[in-house]
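Asks: Take a look at the following structure, please.
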Amino acid sequence: MTTSPAVPAPASDSGRILHLSELLGRPVTDKQGESIGRLDDVIVRLRGAEHPLVIGLVAAVGSREVFVPLEQVSSFDGEVLKLTSARLDLRQFERRHGEVLLRADVLGHRLIDVPSAHLIRAADLALQHRAPEWVLAAVDTHRRSRGLLRLLNPAHPDQHQFEDWANFEPLIGHASSALLRGPFGRIRRLKPAQIADLLEEASKAEETEILGQVHADPELEADVFEELDEDLATRLLGARTDAEIADVLTRMRADDAADAIAELPQRRRQPVIDLLPVGQRTKVLTLMGFNPTSAGGLMGVDFLAVPADIQVVEALAAVSGSHTLQPEALTSVHALDERGRLCGVAKLVTLLQADPALRLGEVMDDDPVRIGADTDVVDVAVLMSDYNLITIPVVDENRTMIGLITVDDVLEVTLPDDWRRREAAEPPDSRRGKKT
C-alpha cells in the first residue's frame, strides 16, 4: 500500500489558512455591523476523492441554529463574520444529504487514518482558500496541551501536526452523507486484517459505521469476519438475522465458517446451517465433526488434486484455473493415483522450474509428509517446522486426501492471543510514496 506523506499546515502561498478551533464562536453581524449571533459550526459537502467543499455556516441566533450560505459572508477569515445581505433565513437549520458539520461530526471525533490503519482523534481542522473555493484541507492529529500543563510549560508552544484530509476516512454517523464517499470510501485501501483491527479498537457507534461501509462489498465483509477476534465476530454476527449470518458465512472459507457457527448459541446453529448453499453446508458439517484441537478441526477442505500421470504443463494449467482456492493452498499440487489416493506432492516452484513435457510423477515427492485428521495441532506445527512446509495434506486411513492445512492456519492457533493482536511494526517507508 502506498501512502501520502504527512504534510505540515499549508503555507500562505498555497492559499489562506483558517483553523476551525479559531473560527468557532466568532461574532456574526448583519450588514450594518450589529451583532446577530455567533458561529456555531462550519458545513462542508463531501464530493468523493476531492477535498470537501465549504458551503456555509451554522450560526447560533438566540436559541435557534440557522444556516448562513458562505456567499452571504463578506469575509470568512475576519475576526467578525459580517453578512453581505440584509436578509437571513431564520428557519431552524436542517442538514441535507452529503453535508458534514465539522464541529459536530469531526472535531474531537475519531477518524480512520488510512495510511497507518488506526483510529485517530481530530484535534483541529484546517480550511484552505483555493480560489474561488474554501475546502477542508487537513487534519491536526496532535493532542495539544491544556490548562495546568500549558502553564507549567510556557516556553513550549503547542505544535500542530497537520496531515492531508485525503489520508482520512471520517466516521460521521450520517448515513445519507456517507453515501457520497463511494461504495465503501477509503476503507477499500485497507487489508481485511487491518479493518478487523479497527473494529476491535472501535466504539459501538464506530464499528457500526465501519461495518456499514464494508457491507457494500460482500467479499470484503467475509474476509474481515475471518480476521476478527472470535468473541467480537460472535457478537457482531449474533446481532444479525439467520439469513444475514448465512450470507456472510457462505463467502467465508469453510473452516472459518465452521468455527463461527460453533460459537453461535446452540438454538441458532441449525437454522443458519440450513440456509447455507449445499456445497458450503456439506463442507461445514464435515469440519464440525472433527475435534477443534486436531488436524481435522484445523484443515480446509479446498485443495488442488490432479492425476499423477498428467504432464507438468497440465498441472500448471490446473493451478492457473483454480480461481476459487486461496493462494496459500496453491503452493503445492497433490497427485492422486488411479484409486484416488494421495501418491505425491509437487511444490509449485518445482513445477515452474521443470520441463513442461515431463509427467507429474517424475518431478513430485512420492513420499510426502502427511497426517491423519486426529493429529494434535502442536504435532502439526512441529512437523511443518521440521520439514519447512507451507502446507501439509490430511489423509484418512486409506490415504485418501480429505483436507489441507496451511501455515497461516497453524500460526493462527499456536500464537498466543496477546501476540496475535499486538501492534504491528510500520514499514520504514510507510509514510512515503505516491498517492493512491
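Asks: Across segment 347-360, in residue order, what do the Karplus-derived ³J(HN,Hα) couplings come to in whole Hz, using 6.51 cos²θ - 1.76 cosθ + 1.60 with θ = phi - 60° and x for Gly and Pro?
Replies: 6, 4, 5, 5, 5, 5, 8, 8, 5, x, 7, 5, 7, 4
Asks: Can you sort Arg103, Arg96 by 1.4 Å-probe accessible area, starting with the largest? Walk me through the numbers on the way to the answer.
Replies: Values: Arg103 90, Arg96 165 Å².
Ranked list, largest accessible area first: Arg96, Arg103.
Asks: Still on this model: With every protein chain present, what is the per residue accessible area of segment 19-66 (1.4 Å probe, Å²)?
Replies: 44
Asks: Take the alpha-carbon positions of the chain, form their convex hull, and give its projected area averaged over all directions (one quarter of the hull surface) in nm².
Replies: 28.7
Asks: Now, a different point. Using only Cα atoms, what is the ratio of the radius of gyration of segment 255-382 to 2.2 N^0.38 Å?
Replies: 1.24
Asks: Moving to a separate point now. Note down the relative contact order for the chain as a percent, whole number, built from C-alpha pairs under 8 angstrom at least six residues apart.
Replies: 13
Asks: Now, a different point. Under a point spin-label approximation (7 Å from Cα along Cα-to-Cβ), what is the Ser116-Arg251 distance to one decimal in nm?
Replies: About 3.0 nm, to one decimal.
Asks: Using the charge dipole of the chain (Lys, Arg: +1 at Cβ; Asp, Glu: -1 at Cβ; taken about the Cα centre), state which of Ile195, Ser322, Gln270 has its Cα farthest towards the positive end.
Replies: Final value for the positive-end residue is Ile195.
Asks: Okay, next question. Can you pull the percent of segment 266-400's accessible area that's carbon plus sulfur, 1.4 Å probe, other chains left in place? Intermediate results must be reported in sequence, preceding the final value.
Replies: On the way: 3790 of 7290 Å².
The C+S portion of the solvent-accessible surface of segment 266-400 is 52 percent.
Asks: Follow-up. What whole number of Å gives the distance from the Cα centroid of segment 271-337 to the Cα centroid of segment 344-420?
Replies: 13
Asks: Oh, and also: Quick one: accessible surface of Ser294, probe radius 1.4 Å, all protein chains present, in square angstrom to the nearest 10.
Replies: Rounded to the nearest 10, the figure is 10 Å².
Asks: Please list the non-local residues whose amide H lies under 5 Å from the amide H of Asp41, H modeled 1.01 Å from N, same-chain partners needing a gap of 5 or more.
Replies: When sequence neighbours closer than 5 places are left aside, the close amide H contacts are Val58.
Asks: With every protein chain present, what is the per residue accessible area of segment 220-291 (1.4 Å probe, Å²)?
Replies: Result: 47 Å² of accessible area for each residue.
Asks: Gain in length, Asp30 to Ile310, computed as 0.36 nm per residue apart minus the alpha-carbon separation, to one decimal in nm?
Replies: 92.2 nm
Asks: Could you size up the charge dipole of the chain around its Cα centre, putting +1 on the beta carbon of Lys and Arg and -1 on that of Asp and Glu, and report it in debye to the nearest 20?
Replies: Numbers: 48 positive and 71 negative charges, 457 e Å.
It works out to roughly 2200 debye.
Asks: Within segment 26-126, what whole-number % of the accessible surface is contributed by carbon and sulfur, with the 1.4 Å probe and all protein chains included in the calculation?
Replies: With neighbouring chains kept in place, the figure for segment 26-126 is 47 percent.
The values are calculated or read from the model by the stated rules, or taken from the named source; none is laboratory data. All figures in this text were calculated on a predicted structure; none of them were measured in a lab. Note that each Cβ is placed from the backbone with ideal geometry, even for glycine, and that neighbours are counted across all protein chains shown. Heads up: the accessible areas ignore ligands, DNA and RNA and are worked out on the full protein's heavy atoms, side chains in. Shrake-Rupley method; radii C 1.70, N 1.55, O 1.52, S 1.80 Å.
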